[in-house]
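Laboratory data are not the source of any read-out in this text; all were calculated from the coordinates shown. As the structure is a prediction and not an experimental result, all values here were calculated from the model. A quick note on method: Cβ atoms are made from the backbone with ideal geometry, for glycine too, and the neighbour counts reach across all protein chains shown.
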Amino acid sequence: MRNYPKRSALVLAGLALGAFTVGHASGAEGPSMTKPTYLYKTTFVRAAPGKLLDLIELYKGRMAVIEAAGDARPLWWRHTQGDQWDLMLLTPMGSYAEYYARARVARRDKAAAAAGIAAEDFARRLEACSSWKEDLFVFGPPLETVNKSFEGTGYYHIEIFVSLPGKEEELYKEREMENVYAVASGRPYNMIFVRDQGASWDLFTLGCYRDLQHWAGSSGLTKEQRDAAARKAGFKSADDIGPTMRTLIDMHRDTMGVAIK
C-alpha cells in the first residue's frame, strides 16, 4: 500500500471518483485508466548562460549511474518554446517508501561511487551549469502507461496549472473531459499528473506526439462533429472547452518540448 499523506489520499480519492464518473458517462476507457496512483519526481531546470549543452551532457552521464543502481531512467525532454525552463525530467519513483528504502539508497551510493561521481559531486556540477531548478512530486498514471505513451514519440506538449482555491478536483475532471473530447477527435490522450508536494503547481498534463506535424495536425472533423464530441465529453460545445477551463485556474502555462538524442 502506498504511503500517501492524509491530504493527498483524500484528494486522490476524489480525483479517482471524478475520473470514473467521466469515463462511465462518456463510455470512454481512457479516463478510467489514468487514476493518479504512481509517484514521480518532476524536475524543471534552466541552464546557466551558455551552459545548456553542458547541462544536457551532465544528465546524460548520470543516466548510466541511475541504471547501474537499478532505478528507472528519468523521461526527459528539452524546451523549445513556452515556459522559462530548458529541461524537464520525470523520474519514476513508485512511492516514497519504495524509492527511499535503505537498500535502494545504498545501491545508488554504490553505483555513484563506482562511477566516481558521488551525489554531492553531481549536485555541485549541476549547480555550476544551472541557474534555476524546481522540483514537484506528483502522482500520475502507472509507469507502463507512461512508457507506452513515449514509444515512437519525439515532441511533447506540457500544460501546467495552478487551480483556483478549492477547484483542484473540478480542474482534474475538466482535464479528463478534454481527454474524452481529444480521443473522440482522433487526438492522443494527455496524461494527467497531480501535485503531492514541492512547487506550487497543482496539476499538469503531458501529451506525446511523433513530431510537430502530428501535434499541429487537424482532426478533420466538421464543426458539427466537434460539437458532438464536446457534448459527449460534458461540454456545451467545442467552443466552450477553453472558457470552461479558465473558470477553474489561477495560472496556466503551455510549453512545447522535443526529445533529447
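Figures for the structure shown
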item: Relative contact order (%) - the stretch 168-261, alpha-carbon pairs under 8 angstrom, separation at least six; result: 28
item: 3J(HN,Hα) from dihedral phi, the stretch 114-122, Karplus parametrisation 6.51/-1.76/1.60, rounded to Hz, x for glycine, proline; result: 5, 7, x, 10, 5, 4, 5, 5, 4
item: Residue order, fewest to most beta carbons within 10 Å, for T91, T247; result: T247, T91
item: Helix-only CD estimate at 222 nm, as mean residue ellipticity for the chain, using -39500 (n - 2.57) per DSSP H run (n ≥ 4); result: -13000 deg cm²/dmol
item: Residue (of Y189, A229, A72) at the positive-pole extreme of the stretch 6-259, dipole from beta-carbon charges; result: A72
item: Within a Gaussian network of the chain (alpha carbon springs, distance under 10 Å), most fluctuating of S95, S149, S219; result: S219
item: Footprinting exposure proxy for L53, L89 (fewest neighbouring C-beta atoms within 10 Å first); result: L53, L89
item: Integer Hz, Karplus 6.51/-1.76/1.60 couplings in order for the stretch 169-184, x for Gly and Pro; result: 5, 5, 5, 4, 4, 5, 5, 5, 4, 4, 5, 4, 5, 4, 4, 5
item: Alpha carbon centroid spacing (whole Å) that separates the stretch 126-194 from the stretch 222-261; result: 14
item: Nitroxide proxy distance, nm - points 7 Å out along Cα→Cβ at K60 and A113; result: 2.9
item: Exposed-site-free run, longest, the chain (rule: GluC sites (Glu not before Pro); DSSP loop; at most 12 other C-beta within 10 Å); result: 30-150
item: Rg and Dmax [Cα atoms of the stretch 169-261; Å; Rg one decimal, Dmax integer]; result: 14.3, 43
item: Residue with peak Gaussian network fluctuation, the chain [Cα springs, cutoff 10 Å], from G82, G152, G94; result: G152
